[in-house]
1. Across region 171-188, what is the total count of residues that are more than 13 Å from THR288 (Cα to Cα), at pLDDT below 85 and surrounded by 10 or more Cβ atoms within 10 Å (Cβ to Cβ)?
2. Hey, among the residues in region 65-90 that are surrounded by 11 or more Cβ atoms within 10 Å (Cβ to Cβ) and among the β-branched types (Val, Ile, Thr), which one's nearest to GLN103 (Cα to Cα)?
3. Among the residues of region 257-269, how many are surrounded by 19 or more Cβ atoms within 10 Å (Cβ to Cβ) and either farther than 29 Å from ALA225 by Cβ or free of Cβ contacts under 8 Å to residues at least 60 places away in the same chain (or both)?
4. Could you list, in sequence order, the residues of region 118-161 that are within 19 Å of LEU284 (Cα to Cα) and surrounded by fewer than 10 Cβ atoms within 10 Å (Cβ to Cβ)?
5. Given the structure, is GLU291 at pLDDT below 95, assigned to a helix (DSSP H, G or I) and surrounded by fewer than 16 Cβ atoms within 10 Å (Cβ to Cβ)?
6. Could you check region 294-321 and list, in sequence order, the residues that are among the small types (Gly, Ala, Ser) and either in a helix (DSSP H, G or I) or within 25 Å of ARG136 (Cα to Cα) (or both)?
7. Sort out which residues of region 197-240 are closer than 24 Å to ARG139 by Cα, crowded, with 17+ Cβ neighbours inside 10 Å and among the acidic types (Asp, Glu), and write them in order of number.
Amino acid sequence: MFSAHSRQCDIARELGVSPKSVSRWHNAWQEGGAAALNSKGQPGAKPKVDARDLDRLEKLLRMGPEACGFPTNLWTLKRVGSVLESQTGVHYSVSHTWHLIRQMHWSVQRPGRKATERDEGAISRWVSERWPKIVRNARSRGAMVAFQDESGFSQLPSVRSTWSPVGETPILHHRLSWKRLSMSAALCYPTDGAEPGMVFDTVEGSYNTESLIRFLEQLHGHYPAQKMTLIWDGLPSHRSKQMSQWVRGQRAWLVVERLPAYAPELNPVEQIWGNVKGTELANLCTETIEEAAEHAEVGLNRAGSDATLCFSFLRHCGLRL
């Protein structure tokens, strides 16, 4: 017969532990049953910062760096650590502070930007009240809803993060004397839910009233039998005297609506620019501005022909048909 000790040695070999551990477990089971074998947790020192400290720290962090006495609206690990120390008297290293703030489900993020001149109430009312009226009016006229916007691009590459071996920073080689073009695009949504379409154009330099009128004529030529409700921002060339006179002469097919001031996030064409600059134009270095324009047109054609993508841009703006 096998002794209890030899049996414990066999179990220890199977589990990869010492026979003393198996013997200790056996004795605990004899004295307290299966419950005595439950894990009692990882031994170690009691945490210096408890859940209440973390809750208090997060409330302070949510107030923002400036409210906590820092000169800029930037949270760094060093600043977070100093706030924690001022509240609890506990000093943590930068690496330990990183683990702590990750435990709070915070991450490094690039801030968005909004103009201080924005009227949040007016923007909210436009979305909840004006936008539904625009859609109903367009539907009653049998018109498409078209969002228009301008953007620029150049031979200066749109820099985006890319994979590279550690310690070997990628270098983009481009001309220091670079040229610039401007793009205009209209993203057109039928009110019956049919597939959207897009019309775009490029010009040297910046758009003005004359070049924008030519673009709108191009838009009308692309949809000659289609009425339009055009939505754009308050760019000076959009509200110039010459543009107002031209729009009045297009009442048979065109109604113009203006976005609320300083609210580019309500224009899905903004998403088009970001998508193309982050894909076809990302880290692109060209010898001529014509090459850059060709890549931009490829991206605009790709994005504009993807109905699912175009509808997702509209939803991203918080707007629905």
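The values are calculated or read from the model by the stated rules, or taken from the named source; none is laboratory data. Please read all numbers here as calculations on a predicted model, not as lab measurements. Glycine also receives a Cβ, built like all others from the backbone with ideal geometry; neighbour counts cover every protein chain displayed.
1. 1
2. The first filter runs over region 65-90 and keeps only residues surrounded by 11 or more Cβ atoms within 10 Å (Cβ to Cβ), leaving 65-68, 70, 74-77, 79-88, 90.
Adding the requirement that they be among the β-branched types (Val, Ile, Thr) leaves 76, 80, 83, 88, 90.
Details: THR76: 16, VAL80: 13, VAL83: 16, THR88: 17, VAL90: 17 Å.
Here the answer is VAL80.
3. The qualifying residues number 2.
4. Our first condition is that a residue be within 19 Å of LEU284 (Cα to Cα); within region 118-161, this holds for 151-161.
Within region 118-161, just SER161 meets the criteria.
5. Working: at pLDDT below 95: yes; assigned to a helix (DSSP H, G or I): yes; surrounded by fewer than 16 Cβ atoms within 10 Å (Cβ to Cβ): yes.
Taking the combined requirement at face value, the residue satisfies it.
6. Step one: of region 294-321, the residues among the small types (Gly, Ala, Ser) are 296, 299, 303-305, 307, 312, 318.
Matches in region 294-321: ALA296, GLY299, ALA303, GLY304, ALA307, SER312, GLY318.
7. Across region 197-240, the qualifying residue is only ASP233.
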